[in-house]
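Q: Just passing along the structure, written as structure tokens.
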Amino acid sequence: EGPAPEADTLPRQGIHPTLGPMTRGSQQLTDNEVVILGVACVEGSGRDLARRFQDDTGRKMSPGTLYPLITRMTSRGLLRLTRTEDDADGRLRFLQTSAKGQRVLRAELERRAEVSRIAEMRLGEATA
């Protein structure tokens, strides 16, 4: 048995000093949500967002996945409707990442970077 770890490095009751609660919180995002918030930083219609998502990830997101996701993210205040237009195919709704969405996205990216840093550190210890 080695020396006890420093008290300030131990998570208390499942709470990491930088990451916060080590459970899924209300503002943590799925991978798809992270990418949608990223591609929606520039205004676009749902079709635009789907195209950008595919361009950036190499994966096609079906309308049955995309539009409910957009609806949930809009209701959470992460995306905002900027305008609507009518075209030959119907009504286009243009969306953009809201100020709240940008804050949540930045926080999520920082959280993920910290999680990666911790995992890489421990992986390095295992292979050393």
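Q: Looking only at the stretch 73-110, count every residue that is touching a Phe, Trp or Tyr at 6+ places or on another chain (Cβ under 9 Å), among the hydroxyl-bearing types (Ser, Thr, Tyr) and at pLDDT 95 or above and tell me the total.
A: Residues of the stretch 73-110 touching a Phe, Trp or Tyr at 6+ places or on another chain (Cβ under 9 Å): 81-85.
Now restrict to residues that are among the hydroxyl-bearing types (Ser, Thr, Tyr): 82, 84.
Then keep just the ones that are at pLDDT 95 or above; that gives 82.
Adding up the residues that qualify gives 1.
Q: What number of residues within the stretch 68-107 are touching a helix residue (DSSP H, G or I) at 6+ places or on another chain (Cβ under 6 Å) and either without any contact (Cβ under 8 Å) to a residue 24 or more places away in the chain or over 14 Å from Val39 (Cα atoms) (or both)?
A: Qualifying residue count, the stretch 68-107: 1.
Q: So how many residues does the stretch 11-49 have that are at pLDDT below 50 and under 17 Å from Arg112 (Cβ atoms)?
A: 5
Q: Looking only at the stretch 86-103, filter to residues that are in contact with a strand residue (DSSP E or B) (Cβ under 9 Å, 6 or more places away or on another chain) and aliphatic (A, V, I, L, M); which one of those is surrounded by the most Cβ atoms within 10 Å (Cβ to Cβ)?
A: Looking at the filtered set, the residue picked out is Leu95.
Q: Restricting attention to the stretch 65-85, report how many residues are part of a helix (DSSP H, G or I), surrounded by fewer than 16 Cβ atoms within 10 Å (Cβ to Cβ) and not small (Gly, Ala, Ser).
A: Here is the first cut: in the stretch 65-85, the residues part of a helix (DSSP H, G or I) are 65-75.
Those left that are additionally surrounded by fewer than 16 Cβ atoms within 10 Å (Cβ to Cβ): 65, 67-68, 71-72, 75.
Add one more test, that the residue is not small (Gly, Ala, Ser), and what stays is 65, 67-68, 71-72.
Selection size over the stretch 65-85: 5.
Q: Scan the stretch 86-113 for residues that are out of contact with any Ser or Thr (no Cβ under 8 Å at 6 or more places or on another chain) and in a strand (DSSP E or B) and report the count.
A: The qualifying residues number 4.
Q: Can you give me the number of residues within the stretch 49-64 that are surrounded by 13 or more Cβ atoms within 10 Å (Cβ to Cβ) and in contact (Cβ under 8 Å) with a residue 12 or more places away in the chain? Spell out how you get there, then give the answer.
A: Looking only at the stretch 49-64, we keep the residues that are surrounded by 13 or more Cβ atoms within 10 Å (Cβ to Cβ), and these are 49-54, 57, 61.
Subsequent filtering for residues that are in contact (Cβ under 8 Å) with a residue 12 or more places away in the chain retains 49-50, 52-53, 57, 61.
Count: 6.
The values are calculated or read from the model by the stated rules, or taken from the named source; none is laboratory data. Since the model is a prediction, treat every value here as computed from it, not as a measurement. Heads up, the Cβs are rebuilt from the backbone with ideal geometry, glycines too, and the neighbour counts pull from every protein chain shown.
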